Amino acid sequence: MKVSDNIRRERKAAVLRAMQTLRAAFPLQQAMEGADLALRAAYVRALSHWTLQGMPPPRDFASNQAIQELVALDALVIDECGIGCYPFSARETGIHVHFSGHRVAAMCAIDALAIPRLVQHTSRVAARCAVCHCHLACAVAANGSVDGGNPQGVRVVWHAGAVAEGACCRVLCPGIRFVCRHCAEPPGATGLSLPEAAAVGNGFFAFQRRLLHHHEQS
């Protein structure tokens with residue numbers, strides 16, 4: 001077997017492991033697919049506001065009951081900064097995605113890599129290294145690919161946080177960050193190459209693209 005075949009198999013296995021871990025820790029797709037049609041429609045309205053306008057939806061975009069149900073499912077995050085909808089954060093996170101004249105904050109590094117495919121625009125992702133805090137940037141194609149768009153050798157590390165309960169943005173997201181090629185992974189962290197992390201993000205949020213497509217066609 002060729003070395004390249006072994007590398008591809010190892011990368012695929014790493015992506016599958018990370019995807020399984022993420023879906024188990026944050027069953028967002030399961031929650032939304034199990035929601036009734038009216039609640040799912042409200043969710044899509046919030047998400048499409050982010051993808052089309054690059055900003056949070058207004059606080060009255062849906063009924064108060066629907067909004068509170070979505071918050072209870074951790075599909076939306078509401079605070080004084082506005083309404084966040086994974087992978088988009090209304091609150092500043094230090095991880096930004098630039099596309100089509102918009103600049104949005106992402107909940108975490110994996111979320112940032114998923115946004116370009118979700119909005120279907122070539123994008124620039126910018127952040128700081130989680131270890132040395134140097135400036136980092138990478139290009140992501142509209143199809144979610146990062147091949148050739150990572151000259152800085154940016155990687156993603158996933159470190160379990162100390163918080164055990166609460167919204168994903170407070171439990172998981174703070175531990176999923178970018179690192180530069182010069183910094184070692186923090187102890188106990190899981191490391192992913194940029195293509196691996198992008199594959200995880202694109203796979204995790206693929207259900208949102210399907211919901212948006214269905215909404216656009218209806």
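The values are calculated or read from the model by the stated rules, or taken from the named source; none is laboratory data. Only a predicted model underlies this, so the values are computations on that prediction, with no experimental measurement involved. In this analysis, Cβ positions are derived from the backbone assuming ideal geometry, glycine residues included, and neighbour counts consider all displayed protein chains. We work out accessible area using only protein heavy atoms, side chains counted, and drop any ligands, DNA or RNA first. Shrake-Rupley method; radii C 1.70, N 1.55, O 1.52, S 1.80 Å.
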Hey, if we sort Arg170, Arg155 by accessible area with the 1.4 Å probe, largest down, what's the order? Arg170, Arg155
Once Lys and Arg get +1 and Asp and Glu get -1 on their Cβ, which of Gly153, Cys168, Leu192 lies farthest toward the positive end of the dipole of segment 107-194? Gly153
Sum of side-chain charges, Tyr43 neighbourhood, beta-carbon under 13 Å (Lys, Arg +1; Asp, Glu -1): -1
Top to bottom by accessible area (1.4 Å), largest first, where do Cys85, Cys132 land? Cys132, Cys85
Quick one: accessible surface of Thr122, probe radius 1.4 Å, all protein chains present, in square angstrom to the nearest 10. 100
Under a point-charge model restricted to the Cβ atoms of Lys and Arg (+1) and Asp and Glu (-1), what is the dipole moment magnitude of the chain relative to its Cα centre, in debye to the nearest 20? 720
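To the nearest 500 deg cm²/dmol, what mean residue ellipticity at 222 nm is calculated for the chain from DSSP H runs of n ≥ 4 alone, each contributing -39,500 (n - 2.57), summed and divided by the residues? Please list the in-between numbers first.
On the way: 8 runs with 93 residues, N = 218.
The helix contribution divided over the chain gives -13000 deg cm²/dmol.
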In Å², and per residue, what accessible area does the chain have when probed at 1.4 Å with the other protein chains present? 50
Antiparallel bridge percentage (DSSP; both residues within the chain; nearest 5): 100
Residues in segment 18-36, backbone N under 13 Å from the label point at Thr190 (7 Å along the Cα-to-beta-carbon vector): list them, ranges by number please. 18-26
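Starting from the residue with the highest accessible area, list Asp60, Asp36, Asp74 in decreasing order, probe 1.4 Å.
Asp60, Asp36, Asp74
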Taking a crude spin-label model, label points 7 Å out from Cα along the C-beta direction, the Glu10 to Ala41 distance in nm is 5.1
Angle between the chain longest axis and helix 206-217 axis [Cα atoms, degrees, rounded to 10]: 40
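If you take the C-alpha gyration tensor of segment 120-202, multiply each eigenvalue by 5 and take the square root, what semi-axes do you get, largest first, in whole Å?
22, 16, 11
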For Glu80, what accessible area in Å² do you get when you roll a 1.4 Å probe over the heavy atoms of the protein chains, rounding to the nearest 10? 140
With a 1.4 Å probe and every protein chain kept in, tell me what percent of the accessible surface of the chain is carbon plus sulfur. 54
